[in-house]
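For reference, the structure is listed below as structure tokens.
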Amino acid sequence: MGITLHDIVFKVGGGIPNGRKFKAIQTGGPSGGCIPDDMLDMKVDFDSLSEAGSMMGSGGMIVMDDQTCMVDVARYFINFLIDESCGKCTPCREGLFALSKILTRITKGEGREDDLEQLQELSETIEASSLCQLGGTAPNPVLTTLRYFEDEYIKHIKDKTCPAGICTELITYSINDNCTGCVICAKNCPTEAISGEPKELHTINQQDCIKCGICLESCKYNAVEVK
């Protein structure tokens, strides 16, 4: 109690792996809220976390870097909580399903301009009228990502892009001039979507690409880009 989130992440936890930039931290378990980087100096206690839209909960924390899509994070935890719901009360049972449907549509590039308002209203209804605290806290991942990362939702809905490069329907893999023609990406591609001669610039056939990301992971020369 009283230690800051910054000290937990960077002193106790050792910081972000692979030199990535900190983006958010979720506290309290799957129904906890996601807290942004400009609140890292917050001291960990019941009241502070509650005011930020999160909670102490189970005491667990999940640290997210700049390669994390906050819309997809909200979708993931809502889907988890759907399975955790007992289904006794309508707000939790049907409300979480409705949230999942909207969030999934947004991550597929099918979001609508009124989705943000619907997500907010649904979340507040579930929070206020569920019979137990699972339903009462379940909307936290949605409410906090809307509160602190609304720009990501807007980019998904209006620009049809995923800034983190996570939502597969909204991204494209390509190879830039850093390519040395080492052919490692081509050998590892499961659909043989990458072509090119050794020691020459390779290309990705977008029709065959399944956006698995293996090329990005296997490239040692920063030649694979995600847009």
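Brief remarks on what is shown
- Test: residue in the range 165-174 that is in contact (Cβ under 8 Å) with a residue 40 or more places away in the chain, in contact with a Phe, Trp or Tyr (Cβ under 8 Å, 6 or more places away or on another chain) and outside the structural domain of residue 99 (by TED's automatic domain parsing): no
- Here the range 76-104 is the region considered, the condition is being under 13 Å from residue 126 (Cβ atoms) and among the polar types (S, T, N, Q), and the residue that is nearest to the chain's Cα centre (by Cα) is 100.
- When the test is whether a residue is in contact with a strand residue (DSSP E or B) (Cβ under 9 Å, 6 or more places away or on another chain) and not hydroxyl-bearing (Ser, Thr, Tyr), residue 62 passes it.
- Criterion applied to 203, 168 was being surrounded by fewer than 20 Cβ atoms within 10 Å (Cβ to Cβ) and either modelled with pLDDT under 95 or in contact with an Asp or Glu (Cβ under 9 Å, 6 or more places away or on another chain) (or both), and the one residue passing it is 168.
- Flag if residue 200 is charged (D, E, K, R), out of contact with any Lys or Arg (no Cβ under 7 Å at 6 or more places or on another chain) and without any contact (Cβ under 8 Å) to a residue 40 or more places away in the chain: yes
- Comparison of 142, 183 shows that the only residue that is without any contact (Cβ under 8 Å) to a residue 24 or more places away in the chain and aliphatic (A, V, I, L, M) is 183.
- Taken over the range 206-222, the criterion of being surrounded by 11 or more Cβ atoms within 10 Å (Cβ to Cβ), out of contact with any helix residue (DSSP H, G or I) (no Cβ under 6 Å at 6 or more places or on another chain) and under 28 Å from residue 108 (Cβ atoms) is satisfied by 206, 208, 209, 210, 212, 213, 216.
- Enumeration of residues in the range 80-101 that are out of contact with any helix residue (DSSP H, G or I) (no Cβ under 7 Å at 6 or more places or on another chain) and either not assigned by TED's automatic domain parsing to the domain that holds residue 126 or not aromatic (Phe, Trp, Tyr) (or both): 83, 86, 88, 90, 93, 94, 101
- Of all residue pairs spaced 6 or more apart or on separate chains, those with beta-carbon atoms under 7 Å, a first member in the range 118-131 that is under 18 Å from residue 103 (Cβ atoms) and a second member that is outside any helix (DSSP H, G or I) and not hydrophobic (A, V, I, L, M, F, W, C) are 123/139; 126/139; 127/139.
- The residues on offer are 8, 25, and the sole one that is touching a strand residue (DSSP E or B) at 6+ places or on another chain (Cβ under 8 Å) and farther than 25 Å from residue 81 by Cα is 8.
The values are calculated or read from the model by the stated rules, or taken from the named source; none is laboratory data. None of these values were measured; they are calculated from a predicted model. Ideal geometry is used to build each Cβ from the backbone, glycine not excepted, and the neighbour counts take in all protein chains shown.
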